[in-house]
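Trainee: Mind having a look at this structure? Questions to follow.
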Amino acid sequence: MIRRRRLAEIQRRLAERAVLVGRPEAELVAGVDAAYTGTHAFAAAVVVDVRSMQVVERVAACQRVHLPYIPGYFAFREMGAAIKALRRLKSRADVLLVNGHGAAHPRRCGIATHLGVLLRMPAIGVASRLLCGRVEQGKEPAPVVHSGEVVGYALHCGRAVYVSPGHGISAENAAALVAGLPFRKHLPLPLHEAHATAEAVKKRIINGDAEIIFEGEGYGKGERIHR
DNA sequence: GCGACAG
DNA sequence: ATCTTGTCGC
């Protein structure tokens, strides 16, 4: 049984450790995302060299999911698999892009905050929809305000995307960094690549084509992966 | 109490 | 997020 009160307390403590200032170098930008079945999460992490805009590394990891999706507590569902994949990266990215929010969270602790603080690296949350707060129309970029604080910015790269700092970077620099990346399917390149990779890996696993990749991770030909 | 609600 | 074929539109 999950105790939201307990999880919320963990988020408040983590939020206190988040550094919402900074302008990290961004030569190597990583992106992380996950695809799901009824029982497992397939996370993929990619590293893009911003100068050539080429993917220089691509890894994946699998893990059983233990929690359902609950708005505000999404990190506890996806974090495990995401960290597992990120730890497999040989290259050290300058900044991490996460599918979800960072400071634009009720307790200033979205999944980008969790990953940034726990992995001790600059992290930025990029989401397609708001979890909390409102967009201040008029300014450019448009600030996302919650409880009187600017927790992120709304960008208009094709469709709206909400960028908020997770750790080691300011809201302004996070927005500028993301705005400077090429977009693919409404997502900055590193995230689009991570998303596509996670889905491809999940598909291959379900078809039984690539169980070798995750051998010894808790499932294999013998275990069912409910879809 | 009511509505809103990342992926 | 996932379930799902064809189909309407830029």
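Only the coordinates and a few stated rules stand behind these numbers; no lab work does. Nothing here was measured: the structure is a model prediction, and the numbers come from that model. Here the Cβ positions follow ideal geometry from the backbone for every residue, glycine too, while neighbour counts run over all protein chains shown.
Trainee: What's the magnitude of the charge dipole for chain A around its Cα centre, counting Lys and Arg as +1 and Asp and Glu as -1 at the beta-carbon? Answer in Debye, nearest 20.
Mentor: So the magnitude is around 740 debye.
Trainee: I need the fraction of alpha carbon pairs in segment A:1-118 separated by more than 16 Å, rounded to a whole percent.
Mentor: Cα-Cα pairs of segment A:1-118 separated by over 16 Å account for 61 percent.
Trainee: Oh, and also: For the pair A:Arg120 and A:Ala179, what calculated FRET efficiency results from E = 1/(1 + (r/R0)^6), where r is the Cβ-Cβ distance and R0 = 30 Å, to the nearest 0.05?
Mentor: 0.75
Trainee: According to the Kirkwood expression over distinct Cα-Cα pairs, how big is the hydrodynamic radius of segment A:111-174, in Å?
Mentor: 11.9
Trainee: Now, a different point. Step through the residues of segment A:135-149 one at a time and calculate ³J(HN,Hα) from phi using the Karplus curve (6.51 cos²θ - 1.76 cosθ + 1.60, θ = phi - 60°), rounding each to whole Hz and writing x for Gly and Pro.
Mentor: So the Karplus estimates, Gly and Pro as x, are 8, 8, 5, x, 6, 9, x, 6, x, 9, 10, 9, 6, x, 10 Hz.
Trainee: What residue among A:Leu86, A:Leu20, A:Leu119 shows peak mean-square fluctuation when chain A is described by a Gaussian network model with Cα springs under 10 Å?
Mentor: A:Leu119
Trainee: If exposed GluC sites (Glu not before Pro) are those in a DSSP loop with at most 14 other Cβ within 10 Å, what is the longest stretch of chain A that has none?
Mentor: A:28-135
Trainee: Here's something else I'd like to know. Would you list the P(r) distribution for chain A, with all Cα-Cα distances sorted into 5 Å bins from 0 and each bin expressed as a whole %?
Mentor: The calculated distribution, bin by bin, is 1, 8, 15, 19, 20, 16, 11, 6, 2, 1, 0, 0.
Trainee: Under 10 Å, Cα contacts only: if you run a Gaussian network model on chain A, which one of A:Ala75, A:Ala85, A:Ala200 comes out with the highest mean-square fluctuation?
Mentor: Taking springs between Cα atoms under 10 Å, the residue moving most is A:Ala200.
Trainee: Output ³J(HN,Hα) for segment A:68-85: one whole-Hz value per residue in order, computed from phi by the Karplus curve 6.51 cos²θ - 1.76 cosθ + 1.60 with θ = phi - 60°, and x for Gly and Pro.
Mentor: Coupling constants for segment A:68-85: x, 7, 10, x, x, 10, 4, 4, 5, 8, 9, 3, x, 5, 4, 5, 4, 5 Hz.
Trainee: Would you please give the residues with an amide H less than 5 Å from that of A:Gly22, counting only those at least 5 places away or on a separate chain, with H modeled from the backbone geometry?
Mentor: A:Ser170
Trainee: Further, regarding this structure: Rounded to the nearest 0.05, what FRET efficiency is calculated for A:Lys203 and A:Glu25 with R0 set to 30 Å and r the Cβ-Cβ distance?
Mentor: Result of the calculation: an efficiency of 0.30.
Trainee: Which of the trypsin sites (Lys or Arg not before Pro) across segment A:50-92 are loop residues per DSSP, with 11 or fewer other Cβ within 10 Å?
Mentor: Listed in order of number, the matching sites are A:Arg51, A:Arg87, A:Lys90, A:Arg92.
Trainee: Now, a different point. Give A:Lys90/A:Lys203; A:Lys139/A:Lys202; A:Lys90/A:Lys185; A:Lys139/A:Lys185 a once-over and call out the pairs whose C-alpha atoms are over 31 Å from each other.
Mentor: Result: A:Lys139/A:Lys202 exceed 31 Å.
Trainee: Apply the Karplus parameterisation 6.51 cos²θ - 1.76 cosθ + 1.60, with θ equal to phi minus 60°, to every residue of segment A:178-183 and state each ³J(HN,Hα) to the nearest whole Hz, in sequence, with x for glycine and proline.
Mentor: Once θ is set to phi - 60°, the couplings for segment A:178-183 become 5, 5, x, 8, x, 9 Hz.
Trainee: Amide H of A:Glu57: which non-local residues (sequence gap of 5 or more, or other chain) have their own amide H closer than 5 Å, using H built in the peptide plane?
Mentor: A:Val47
Trainee: While we're on this one: For segment A:17-42 and segment A:98-112, what is the centre-to-centre distance using only Cα atoms, to the nearest Å?
Mentor: So the separation of the two Cα centres works out to 11 Å.
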